[in-house]
1. Suppose all protein chains stay in the model; what accessible area per residue would a 1.4 Å probe give for the range 262-333, in Å²?
2. So, R0 is 22 Å and r is the distance between the beta-carbons of D508 and D290; what FRET efficiency does that work out to, to 0.05?
3. Enter the Cα centre distance for the pair the range 583-646 and the range 431-505, rounded to the nearest angstrom.
4. Please compute the length gained on full extension between A435 and E395, using 0.36 nm multiplied by the number of residues separating them and subtracting their Cα-Cα distance.
5. Determine the calculated [θ] at 222 nm for the chain from helices alone, applying -39500 (n - 2.57) to every DSSP H run no shorter than 4 residues and normalising by the residue count; nearest 500 deg cm²/dmol.
6. Using a Förster radius of 41 Å, what is the FRET efficiency between V312 and V177 based on their Cβ-Cβ separation? Nearest 0.05, please.
7. Can you give the relative contact order of the chain as a percent, counting alpha carbon pairs under 8 Å and 6+ residues apart?
8. Could you tell me which helices of the chain pass both thresholds, a Cα extent of 30 Å or more along their own axis and a mean Kyte-Doolittle hydropathy of at least 0.5, with helices taken as whole DSSP H runs?
Amino acid sequence: MGLEAPIPAKSGSNPPDMTDQRPSVRHYLSVQWVMLGLALLTVGGVIGYSLVQEQSRIEAQERNRLLHQARLIDKNMGHQLDSVNLALEGLRNDVPYWRNAAGRQMANRRLTALCDAMPGIRTMLITDAAGTVLAANRSELLGKNFSRRDYFNIPRRNPESSVLYLSAPFTTTLGIVAINATRVITGPRGEFSGVVTATLDPEYFKTLLSSVLYAPDMWCSLAHGDGLRFLMVPEENGQAGRNIAYPGSFFTRHRESGRAENVLSGSGYAPGGEHLMAQQAIASASMPTDRPLTVTVGRPAAAVFDGWRSSVQVQGALFAILVIISVPGLYVYQRHQRDFEHRAEEAAAALHESEERYRSLFENDHTVMLLVDPDTATITDANPAACAYYGWNREELMQKRIAEINTLSSDEIRAELELARTEKRTHFFFKHRRADATISDVEVYSSPVRLKGKVLLYSIVHDITDRKRMEEALRESENRYRELSIIDDLTQLYNSRQFYHDLRMELDRVDRYRQPLTLLLLDIDDFKAFNDAYGHVEGDQVLLRLGQVVKRCLRLTDSAYRYGGEEFTLLLPMTTSQDAVIIAERLRTEIKKELFPPGSGNDVRITVSIGLGQYRAGEEMKSFVHRVDQLMYQSKTTGKDKVCTD
């Protein structure tokens with residue numbers, strides 16, 4: 001929208017006598033009215049077209065922003081579900097070691113440590129096949145039976161070890177509405193033996209949902225795949241637990257579309273009339289879920305189009321003024337020249353008032369606004385909000401070049417100004433310098449306007465420093481979750497999941513470049529006897545120290561993993577089995593040198609049995625690991641404390 005004042009009508013000679021009925025006069029007058037009518041229709045059409053285009057642009061922009069925010073939540077919650085799934089899988093794999101009382105104590109501590117380390121989890125517990133809690137991070141849950149809960153019953157009825165079950169929202173025994181993520185525990189013959197489950201913390205996810213609300217009138221909700229709403233921020237009475245999967249609802253339409261994401265508009269989905277809303281299905285990237293979660297980010301349509309409606313009113317008023325002035329003006333012009341001049345003066349006064357009204361909008365808006373000359377890269381005008389934000393008065397701002405507040409180089413600034421002037425881009429992100437020397441992140445919407453015959457850039461500036469800081473915090477949180485998912489808590493080595501990931505990459509590299517790769521698999525000799533004699537706490541110390549020794553013996557290109565229990569694996573890229581024997585012997589010797597004081601007064605030495613094998617071209621990964629595993633067992637059965645290779 002421009003700030004250029006409308007041009008008053010031109011003056012002319014005295015009109016002909018309206019009583020003259022000669023054909024030439026009547027024709028002349030008719031042509032004037034036809035031309036005026038065509039001009040008004042053209043102006044009205046252009047205004048209507050521009051308003052429709054502007055409405056479409058605003059709606060498309062808002063739809064993209066809402067969908068972007070929904071994707072942010074999908075990305076973060078997807079990583080969270082991956083982390084929860086990995087934690088549950090690790091717990092499930094360790095269940096056989098926790099069958100006795102001492103093992104359950106260790107399980108309780110392990111569950112407590114995981115809940116403390118993962119802010120998105122409130123409660124974790126393990127049940128037997130009857131639904132009785134065997135281990136939990138909360139002591140008050142031990143021994144309770146949850147066989148009536150859906151998060152136990154659904155996996156029990158359809159036990160799939162490779163599925164992450166997401167329960168519908170329910171009220172926990174601790175009085176909160178939550179969702180559980182569950183993995184099935186199977187017995188030796190594949191039978192159902194219980195579940196390991198985690199209660200997702202609603203307060204954590206409320207914070208995540210709130211982080212994407214960029215306007216005070218926005219809302220965000222999270223629903224289960226069955227249609228029960230889990231959370232809504234800001235909170236609304238009666239929304240938690242509400243079934244939104246009724247026929248014809250937006251949730252149902254989204255689910256029936258078969259698409260992962262949709263942007264819909266309409267009423268009835270949330271309080272407050274018609275809304276624009278983006279819906280995104282959320283699931284774990286690493287494991288299929290029985291039901292996805294759906295996040296909805298919405299905003300009232302009235303708030304989205306508030307500025308556009310003001311523009312409609314202003315431009316409609318201007319068009320009405322144009323009609324009111326032009327029609328009587330032409331009539332008066334034809335009646336009498338003097339009367340026309342008087343009317344022209346009134347029109348000029350009305351147009352001046354219209355220009356003042358535009359200036360009032362510019363001066364009184366609380367949004368930071370600048371007028372910039374794209375040719376000279378200078379600020380030609382600034383409203384009071386801009387002066388308050390940047391810390392300079394209007395005269396000082398109007399003497400500044402954009403390079404004095406924008407941290408980009410002069411060449412980069414010229415390029416960005418050209419993009420805005422030609423409308424190839426209207427949305428920008430910059431860092432702006434203020435009078436107190438602080439640097440702030442800003443979001444700028446800039447488009448060309450014409451003022452007094454010159455093209456200027458009308459720029460609206462929003463401070464997004466806090467939003468940038470929050471996005472950075474989310475990225476740091478994501479990195480922490482990723483590290484938790486690949487590192488073994490006790491030894492600080494990579495875990496078995498990361499081992500198979502890295503092994504697949506190394507095998508692909510070997511097949512591509514024909515370089516050698518050797519795998520070591522080592523197991524602590526008589527470790528069960530050590531645990532029976534000195535306890536699992538001392539056994540954990542042995543595992544911790546052994547991890548440190550392994551790290552000390554690694555080369556820069558090598559990587560080590562805790563494979564499971566007292567078993568460890570090492571990947572030695574670009575290493576033949578002959579060279580790997582030297583490394584394995586050095587590792588075996590270093591471990592044997594270590595003294596472990598288990599508290600009995602006598603130091604104990606630990607030995608390891610090592611299997612070593614070089615990858616054979618075309619060999620399956622599973623066969624490769626199995627072959628090296630058999631070599632390790634050969635080492636154990638032929639005397640232990642040795643390295644066996646094929």
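The values are calculated or read from the model by the stated rules, or taken from the named source; none is laboratory data. Keep in mind that what you see is a predicted model, and the values were worked out from it rather than measured. Cβ coordinates were reconstructed from backbone atoms using ideal geometry, including for glycine residues, and neighbour counts include every protein chain displayed. Side chains are part of the model used for accessible areas, which takes the heavy atoms of the whole protein and leaves out ligands, DNA and RNA. Shrake-Rupley method; radii C 1.70, N 1.55, O 1.52, S 1.80 Å.
1. Computed with neighbouring chains in place, this is 40 Å² per residue.
2. On the way: r = 32 Å, r/R0 = 1.46.
Between D508 and D290 the formula returns 0.10.
3. The two parts, judged by their Cα centres, are 46 Å apart.
4. Length gained, A435 through E395: 13.0 nm.
5. Result for the chain: -15500 deg cm²/dmol, rounded to the nearest 500.
6. Computed FRET efficiency for V312 and V177: 0.45.
7. With pairs under 8 Å counted, the relative contact order is 11 percent.
8. Membrane-span-like by this rule: 306-335.
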